[in-house]
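The structure appears right after this line, and notes come after that.
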Amino acid sequence: MMKKLSVENLAPVYFTVALFVIWEAACRLFKIDTFILPAPTEIFAAMVKYWWPLLKNSFVTLWTTMAGFAIAVVFGIALGVVVGWSRTIYRGLYPVMIGFNSVPKVAVVPILIMWFGIGEVPAILTAFLISFFPIVVNVATGLATTEPELEDVLRALGASKLDIMRKVGIPRTGPYLFGALKVGITLAFVGAVVSETIGANAGVGHLMVQAGSNFQMPLVFAGLISLAIQGILMYAIFAVFERRMVAWAFRSSQSAGG
Amino acid sequence: MIVLDNVTLTYPGRTGPVTALAGTTLNVRKGEFAAVVGPSGCGKSTLMKLVTGLIRPTSGTVSIDGAEVKGPVKVAGMAFQHANLLPWRTVLQNVMLPLEIVEPYRRRFSRDKAAFQDKAMALLNVVGLGAFADRFPWEMSGGMQQRASLCRSLIHQPALLMLDEPFAALDAFTREELWCVLRDLWQEFGFTVILVTHDLREAAFLADTIHVMSARPGRIVETRQVPFLRPRDLDVCYRAEFTGLVHELRNKIAEVRQAA
């Protein structure tokens, strides 16, 4: 049992290693040009060689992403509570939000650059714009799907809408919120990097564009991998928080029911 | 004393207005155990919401102790088919929820928390859940969850307990166990009960009075007094008079279903 469990725990490592091995083998076997697809060994060599620019720019991307994401969390929760509170606001705002979310953020970046200039502000705002929507929708859904019978129980006790929100609505939104945070943080990286690619002085996106124009494909891929690592780490951090803060949501799925 | 006087409730449905109740008249004495039985979809649950003031009648009046019900009454405890306990709270915390909402407990909640905890523990002991106070709802069986739900509906000592098929999702043995739990709680505290159910044996075992509703639009078509002496034992269910009463109720419901 113990052994089986550890095999399961190590599965992510096996799969990742296997992916890189197949990648490497394919590159060598089919003699793929480095300029088309660099082999993992070349990418790792580039990572070692350019470790300082990669680290420096990763740090810029990380902080712009986190800043944008933090704004998205604050505004997302606030708007989610407002939208989940009232059916009228929900109906009125929903089409607007869908429309807003359907606009490709790539198309918005040039506008942001015009407004705020080249730099970190457009990256922060793009990260915010792209990760904002899932948070609002999930918080609002969590609030709007409170069991009507439970609401009746509380209303028959004389509970106000605010009471129901505090005692039931907000706690039960926890699992929805954490689900949204995990999706949102990975999206925030996408937003920040898209913005850096279009116009920035720093960040992994900027580094990749420069490396690309110098035909340094291994460095471009090294940038991609450092982004992937950051995304996985942030996701994992939120997953750990989720496990700790809304543990009941995981265990109650095994509930006796009824 | 709960009085429904010629109450009609109509609400807009998808295919035009739906009349859930039509001219329903019902009296429940203070401290009485009343059961409402009827075919499914006869507006029994609507009746519950009317009495607790969660919805207002289209015409007619609902009054409790002589005062017309105009908004959610603040004296009622409710329990439903699903226990609806909050999964992030322990059983004890779930039971104490009403005390965080209902006055005068609410005002004193943080100050008298220890006393309230003792009160909740005492109630949990009555229903046999004393040892499970610190468990979470999802760690317990359906019957245990329903016991906790009953405690939650009684912790603030309501004058009125509204039960909407509270035992319908339980197996037969657990259900009979919980009948006895409810019987004992009622005999100890003396609150008024309105029990909505489609289990005729349940109604006959627990209630003083059984009201039979017709199919939609719902109306009380018959009211039967239950003659069995209290305290009742489960053995009463196997007496000839009991079986006879259940049979007659059964025929009455078959008749109103036919009419629909």
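The values are calculated or read from the model by the stated rules, or taken from the named source; none is laboratory data. The structure presented is a predicted model; accordingly, all values stated were derived computationally and were not measured. Positions of Cβ are generated from backbone atoms using ideal geometry, with glycine treated the same way; all protein chains shown enter the neighbour counts. With ligands, DNA and RNA removed, areas are computed over all heavy atoms of the protein, side chains included. Shrake-Rupley method; radii C 1.70, N 1.55, O 1.52, S 1.80 Å.
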#### Entry: Loop-located chymotrypsin sites (Phe, Trp or Tyr not before Pro) in segment A:21-106 whose Cβ has at most 15 other Cβ within 10 Å (DSSP)
A:PHE30, A:PHE35
### Task
Heads up, I need the accessible area for B:MET96: 1.4 angstrom probe, whole protein in place, Å², nearest 10.
10
### Query
What are the residues whose amide H is under 5 Å from the amide H of B:VAL18, where those residues sit 5 or more places off or on another chain and H is modelled from the backbone?
B:TYR11, B:GLY13
### Message
Taking the alpha-carbon distance from B:LYS30 and a cut-off under 16 Å, which lysines remain once sequence neighbours fewer than 8 residues away in the same chain are dropped?
### Response
none
### Message
Can you compute the helix-only [θ] at 222 nm over chain A? Use -39500 (n - 2.57) per DSSP H run of at least 4 residues, normalise by all residues, nearest 500 deg cm²/dmol.
### Response
-27500 deg cm²/dmol
#### Entry: 11 Å beta-carbon shell around B:SER40, net charge (K/R +1, D/E -1)
+2
### Query
Using the Kyte-Doolittle scale, which helices in chain A average at least 1.0 and also have C-alpha atoms spread 15 Å or more along the helix axis, with helices defined as whole DSSP H runs?
A:51-85, A:105-116, A:120-144, A:170-198, A:217-245
### Query
If eta is 1.306 mPa s and T is 10 °C, what Stokes-Einstein diffusion coefficient results for segment A:44-246, Kirkwood Rh from Cα pairs, in µm²/s?
86
### Query
Short version: what are the Cα gyration tensor semi-axes of segment A:1-66, square root of 5 times each eigenvalue, largest first, in whole Å?
28, 24, 9
### Task
Find the eigenvalues of the gyration tensor of the Cα atoms of segment B:186-260, then list the square roots of 5 times those eigenvalues as equivalent ellipsoid semi-axes, largest first, in whole angstrom.
23, 16, 8
### When the protein assembly as shown is reduced to its Cα atoms, the Kirkwood hydrodynamic radius in Å
27.5
### Task
State which helices in chain B qualify, where a helix is a whole DSSP H run, it must extend 27 Å or more along its own axis by its Cα atoms, and its mean Kyte-Doolittle hydropathy must be at least -1.0.
B:240-259
## Note on the structure
From the cross-link list B:LYS49/B:LYS113; A:LYS31/A:LYS56; A:LYS161/B:LYS74; A:LYS56/A:LYS105, the entries with a Cα-Cα span beyond 21 Å are B:LYS49/B:LYS113; A:LYS31/A:LYS56; A:LYS56/A:LYS105
